[in-house]
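> Before anything else, here's the structure in question.
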Amino acid sequence: MSQMPSLPLVQTKNLSVKMGQRTLVSGLDWQVQSGEFWCVLGKNGVGKSSLLSVLAGLLPRSGGTLQFTAQSIAQSIDQLDDLQLARLRGLMMQHQSDAFSHSVADTVLIGRTPYRVGRSWDAEQDIKIAHQALARVGLLDKLHADITQLSGGERQRVALAGLLAQDPGLMLLDEPTAHQDVAQQLAIMRLACELAQTHALIASCHDINLAMRFATHVLVLGEDQHWQGRVAEVMTAQILAQAFGCSFSLRGGQFIAE
Amino acid sequence: MTNAKPALLLLLTVALAVMLLSALCGGTGCFFPTPSDDVLWQIRLPRSLSAFAVGGLLALAGALMQLLLRNPLADPYVLGVSGGAATGAMAASWLMPAAFAAYGMQLGALAGALLATALLFGLARRALMALTPAMSASPSGVRLILTGVMISAGFGALMSLLLSLAPEGQLRGMVFWLMGDIDSGPLLWPAWLVLVATTVWASWQAPVLNVLAHGDTTARLLGVPVRSLRARVLLVAALATASAVAVAGAIGFVGLVVPHAMRLMLGNDQRLLLPASVLAGGAALTLADLLARSIVAPVQLPVGVVTALVGVPVFLWLLARSR
């Protein structure tokens, strides 16, 4: 299948997102291509997670259009069935709610669900993919551990491995570096960069400097406006100050909030 | 999943051994059967088959409810199905005493259980269809449970009303039924039919149910039609519960303890857990029924008393072990 540059993987026109009566995002015209790593920045409660949920099809949008490119045809999210969507986009959630004990291996293997329709038992191929995914997040040694016994950071990396096993073209990451120590934050951002070679990535980020260092593009959400584009163009002290409501200065290549 | 076949074969062997023991033994001791033995063919074997079907249905319903409510301590009665069944049985035994003596309570129980299920679907439709919001961790099961608890409470009040108005002569039979009493009556073969059908359905759906066990949102993201799946799980669990309660009254603890114990022993893979729960539940209730009719023979205890006496300490032990 040839890559058509004219058709972005995901495209929104005049998209708006509401939470109850409150409008979080409005008038968003946005195109994300494979090979791009977008960080969504903004204050708490500005709508970063809600926007990701809308893109994932978990929350309804309140206006505008949202299209995915499937088989070289741009299709509205409303026309895609559950299974098609599961192969096009995946979301790593900010929190995992585990009611039952499961092994790490089984939890990652669940990510292969969209590809195992009608089969009862696990294919060797899927098990191999799940193990490779765990190796990429550095948790292959926890294969047989119980997910309810993991630390918060490890549990999130298991969720990331599940997303890798699902392998959708568009990967949505809700705060992927939350709960992680400094070394793991770097490891995850590096992995995200690597993934962005072949996928489109959209992550909500809290750490402005990590975003600046690793992302290719940013979408900055403000109270009633937003800015988007390449990192170098959008991440200026002026725009960040407008979005976050405090002033920033650039020292040694890092933004310091003041 | 390499241990699935050995585990299921072992459980099947245990279940068959228990069935054999239960068919050959009783209050008058054990004996080897002759081909034309009335006690064996007319009384003990049908009764053992009844006990197995009821135990299997309750354990399957319990395992499904625990999955649906994402709560490992849920049981088949938590949504009020047993309350409806008990009320139906009381009403039937009081309102049509003599004419349908053989079937009255069982048919009444079935009607009551189905009524409770219909009520639950009607009242909890929104709770059942409401998916856990993407960003919150709270399970949507809470509203469903609360609705079920209220249905239970309503039927409980109706049942007390019927018991207090019922004539003296029928009180003993009604109370005995409430404690759970296996009767190999006309509903034996329908109950087996439901057992086979629900077990086949559950085993067939087990891979998708495994995805649901990881949460509504995860299942939706992976392309599982969560709303319709939840409705079907609830319907199957309610049908299994209604059938079990119609045959044997509200026998407690089998539906709670058996799936929970199976989960601790075999893990949470539904492909193994659901059929294993059916076999273990059937075997457990058959054994409990054997105890109930032989410990203090010739007096027969209600089997619900035996399952409660064994189930309460076992459950408390399991609870203390879990975090």
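The values are calculated or read from the model by the stated rules, or taken from the named source; none is laboratory data. Since the model is a prediction, treat every value here as computed from it, not as a measurement. All Cβ positions, glycine included, derive from the backbone under ideal geometry; neighbour counts span all protein chains shown.
> If I filter the stretch B:284-291 for residues that are out of contact with any strand residue (DSSP E or B) (no Cβ under 7 Å at 6 or more places or on another chain), surrounded by fewer than 17 Cβ atoms within 10 Å (Cβ to Cβ) and in contact (Cβ under 8 Å) with a residue 24 or more places away in the chain, do I get at least one hit?
No, every residue in the stretch B:284-291 fails to be out of contact with any strand residue (DSSP E or B) (no Cβ under 7 Å at 6 or more places or on another chain), surrounded by fewer than 17 Cβ atoms within 10 Å (Cβ to Cβ) and in contact (Cβ under 8 Å) with a residue 24 or more places away in the chain.
> Let me ask you something else. Residue pairs, Cβ under 7 Å, 6 or more apart or interchain, first in the stretch B:79-93 and in a helix (DSSP H, G or I), second of a type in the set (Val, Ile, Thr) and surrounded by fewer than 24 Cβ atoms within 10 Å (Cβ to Cβ). List them.
Short answer, once both residue conditions are applied: B:Val81/B:Thr117; B:Gly83/B:Ile151.
> Tally up the residues in the stretch A:205-258 that are free of Cβ contacts under 8 Å to residues at least 12 places away in the same chain and assigned to a helix (DSSP H, G or I), please.
The qualifying residues number 4.
> Separate question: State all residues of the stretch B:170-228 that are without any contact (Cβ under 8 Å) to a residue 40 or more places away in the chain, among the aliphatic types (A, V, I, L, M) and either over 29 Å from B:Arg44 (Cα atoms) or more than 14 Å from every other protein chain (Cβ to nearest Cβ) (or both); if no residue qualifies, say none.
Result: B:Leu171, B:Val175, B:Leu193, B:Val196, B:Ala197, B:Val208, B:Val211, B:Ala219, B:Leu221, B:Leu222, B:Val224.
> Does the stretch A:20-37 hold any residues that are within 14 Å of chain B (Cβ to nearest Cβ) and exposed (fewer than 15 other Cβ atoms within 10 Å of the Cβ), and which are they?
Within the stretch A:20-37, A:Gly20 is the sole residue that qualifies.
> How about the stretch B:204-218: which of its residues are under 16 Å from B:Gln66 (Cα atoms) and under 22 Å from the mean Cα position of the chain (by Cα)?
The answer is B:Gln205, B:Ala206, B:Leu209, B:Asn210, B:Leu212, B:Ala213.
> Oh, and also: What tally of residues in the stretch A:52-72 results from selecting those that are modelled with pLDDT of 90 or more and farther than 23 Å from A:Leu219 by Cα?
0
> Then there's this: Quick one: which of A:Arg157, A:Arg190 is surrounded by 15 or more Cβ atoms within 10 Å (Cβ to Cβ), in a helix (DSSP H, G or I) and basic (Lys, Arg)?
Residue meeting the stated conditions: A:Arg157.
> Condition first: surrounded by 22 or more Cβ atoms within 10 Å (Cβ to Cβ), in contact (Cβ under 8 Å) with a residue 12 or more places away in the chain and hydrophobic (A, V, I, L, M, F, W, C). Can you find one or more residues in the stretch A:112-130 that meet it?
Yes, the stretch A:112-130 contains at least one residue that is surrounded by 22 or more Cβ atoms within 10 Å (Cβ to Cβ), in contact (Cβ under 8 Å) with a residue 12 or more places away in the chain and hydrophobic (A, V, I, L, M, F, W, C).
> Which condition number in (1) under 20 Å from the mean Cα position of the chain (by Cα); (2) surrounded by fewer than 21 Cβ atoms within 10 Å (Cβ to Cβ) is the one that B:Ser48 fails?
(2)
> Find the strands (runs of 3 or more DSSP E) located wholly in the stretch A:38-116 whose residues include 1 or more that are touching a Ser or Thr at 6+ places or on another chain (Cβ under 6 Å), closer than 28 Å to A:Ala211 by Cβ and more than 8 Å from chain B (Cβ to nearest Cβ), and list them.
Numbers: elements: A:63-70, A:73-76, A:89-92.
Answer list for the stretch A:38-116: A:63-70.
> Tell me the residue from A:Ala133, A:Ala123 that is farther than 30 Å from A:Asn14 by Cβ and either away from chain B (no Cβ under 13 Å) or of a type in the set (Lys, Arg) (or both), please.
A:Ala133
> I would also like to ask the following. Can you tell me which residues in the stretch B:168-185 are at pLDDT below 80 and not hydrophobic (A, V, I, L, M, F, W, C)?
Across the stretch B:168-185, the qualifying residues are B:Gly169, B:Gln170, B:Arg172, B:Gly173, B:Gly180, B:Asp181, B:Asp183, B:Ser184, B:Gly185.
> Is it the case that B:Leu256 is modelled with pLDDT of 90 or more, more than 20 Å from B:Asn71 (Cβ to Cβ) and hydrophobic (A, V, I, L, M, F, W, C)?
no
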